Amino acid sequence: MSQLKAVRGMRDLMPEVTSLWQHAETVIKSQLHSFGYQEIRLPVLEATELFSRSAGEATDLVQKEMYSFADRSDGSLTMRPEGTAGCVRALIQHSRLSQPARLWYAGSMFRYERPQKGRYRQFEQIGVEVTGYQSADIDAELLEMGLRIWQALGLSDAVTLELNTLGTAQSRPAYRQALLDYFERYRADLDAEQLARLTANPLRMLDSKSPTIRKMIQGAPKLMDFVDKESRAHFDRLGELLTGLGVPFVVNPLIVRGLDYYTRTVFEWTTTELGAQNAVCSGGRYDDLVAKLGGAPTPAMGFAFGMDRVILLMQERAAQIAQAVDFYVVPITDAEQLSAMHLASEMREALPEACVVCHAGSGKIKARMKQADRSGASFALLLGEEEVKAKRVTVKPLRDQGQQNTIERTEAVEWAIKSWRAD
Ligand code: HAM
């Protein structure tokens, strides 16, 4: 009998990683709370029509990626591929649009994509949606909150905020036409899929990964030249506010996003540390969506963290941190724990730039040395009963840098400074 396995693209998260997930979720939720955002919980299943009407009939998401099936009674249902549409549906259904709302949700999303590192068929998002605010101050608030979350996660130097404006739905047809005319010249160089993409949504040509198309794009008309005056002013105001708030960003005119509901501000927080799946959090304004789904016209905006990618980033960082240990201080038994902690403290004080880890948790000497080795440290400093009695410390090189020897306890800090400087 063949062994039963999890469905392709759907992962089990084992206890080794769930503590990291819990930590990240707690950090993010506490920031959301401090900005005044409230949780909304939404169903996993929605009517298929919700997504074709919101994300757009011609998008990859609707054409190729949805898990849809016929319900026994309710027609076609879809396992949510994203959270925005369901959130807007709920606000309309519960008549919550007369007052502005600041909301967040967390949960699994489902997309039939080709699985690879950072891309799964069941993945987790923490998403944020704001309704009822027209001006750029809310765009700035959302992006500042994004930055504060990255900072709280210790990842702000791992991500870049890339920003663009798509203008309004009214200003877009002229740009679509200009793009169509431009790519028409290259018709012979496009394959069937690229031609289909061009016809369905010419803007999606801009975020194509194909090197041929990327080359063509360099000479293509620029979206910014077609954007209406108000959207341009909105974008400039957002830039001013972000600069004033100390939120760094780069303008990337090629960000167009894969869902059709966006208007004006669109953005992605990207990283260079995860390979091809470089967007770790993304979103934008969707001022027309509420009306399109049957609600009173209401401006709105939001974004979603791809939590699987956030966790991958944290794991990459944790691996780097582990390698950054310089000295690992080992009490040989629990009796020497305090002496070892004193030594580690003195070393940290003398060498604030170095990373000094003191062993914690009991265990046999073999297990302690294993941890010292695993920490990536260059040297272990050992303190046993004999060492303490003789006021000496044993220095054990862990990376083939010579012999083990013992030194005076009073010289241990000096020795650490010298070996750190020599490194
Ligand atoms: P999205 O860009 O499709 O936007 O997804 C948001 C984030 O989810 C991405 O930046 C990425 O980190 C993560 N993600 C997407 N697909 C996968 C996948 N297959 N595997 C792992 N992670 C993935 C939305 O979903 C919008 N609803 C965001 C939004 C909220 N816009 C306005 N409000």
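Values in this text are rule-based calculations from the coordinates and carry no lab data. None of these values were measured; they are calculated from a predicted model. Note that each Cβ is placed from the backbone with ideal geometry, even for glycine, and that neighbours are counted across all protein chains shown.
Observations on the model:
- Between Val357, Val330, the distinction of being under 35 Å from the mean Cα position of the chain (by Cα) and of a type in the set (Val, Ile, Thr) belongs to Val357 only.
- Residue in segment 161-194 that is surrounded by the most Cβ atoms within 10 Å (Cβ to Cβ), counting only those that are of a type in the set (Lys, Arg) and in contact with a Leu (Cβ under 8 Å, 6 or more places away or on another chain): Arg172
- Some residue of segment 363-379 being within 13 Å of Ser339 (Cα to Cα) and either assigned to a helix (DSSP H, G or I) or touching a His at 6+ places or on another chain (Cβ under 6 Å) (or both): no
- Among the criteria (1) over 16 Å from Pro299 (Cβ atoms); (2) within 12 Å of the ligand (Cβ to nearest atom), the one Ser54 does not fulfil is (1).
- Filter result for the condition that a residue is buried (at least 20 other Cβ atoms within 10 Å of the Cβ), within 11 Å of the ligand (Cβ to nearest atom), of a type outside the set (Phe, Trp, Tyr) and over 26 Å from Asn201 (Cβ atoms), over Leu142, Leu153, Leu103: Leu103
- Taking every residue in segment 120-148 that is hydrophobic (A, V, I, L, M, F, W, C) and pairing it with any residue that is part of a helix (DSSP H, G or I) and near the ligand (Cβ under 10 Å from one of its atoms), at least 6 positions away or on another chain, the pairs with Cβ-Cβ distances below 9 Å are Phe123/Met307; Phe123/Asp308; Phe123/Arg309; Ile126/Met307; Ile126/Val310; Val128/Leu142; Val130/Leu142.
- Every residue from segment 106-133 that is near the ligand (Cβ under 10 Å from one of its atoms), buried (at least 19 other Cβ atoms within 10 Å of the Cβ) and not in a strand (DSSP E or B): Arg111, Gly118, Tyr120, Arg121
- Of the residues making up segment 326-336, those that are surrounded by fewer than 17 Cβ atoms within 10 Å (Cβ to Cβ) and in a helix (DSSP H, G or I) are Asp334, Ala335.
- Inside segment 57-78, residues that are without any contact (Cβ under 8 Å) to a residue 60 or more places away in the chain, within 13 Å of the ligand (Cβ to nearest atom) and of a type in the set (A, V, I, L, M, F, W, C) make up a count of 2.
- Checking each residue in segment 357-379 for being within 15 Å of Val395 (Cα to Cα) and touching a residue at least 40 places away in the same chain (Cβ under 8 Å) picks out Ala372, Ala377, Ser378, Phe379.
- Against the numbered list (1) away from the ligand (no atom under 16 Å from the Cβ); (2) farther than 30 Å from Gly154 by Cα; (3) among the hydroxyl-bearing types (Ser, Thr, Tyr); (4) not in a loop (DSSP other than H, G, I, E, B), Ser98 comes up short only at (4).
- Figure legend. Inter-residue proximity from segment 28-41: first residues farther than 16 Å from Glu141 by Cα, second residues assigned to a strand (DSSP E or B) and among the aromatic types (Phe, Trp, Tyr), beta-carbon distance below 6 Å, spacing 6+ or different chains. Indicated pairs: Glu39/Trp104; Ile40/Tyr105.
- Any hit, segment 281-300, residues being among the hydroxyl-bearing types (Ser, Thr, Tyr) and within 23 Å of Val251 (Cα to Cα): yes
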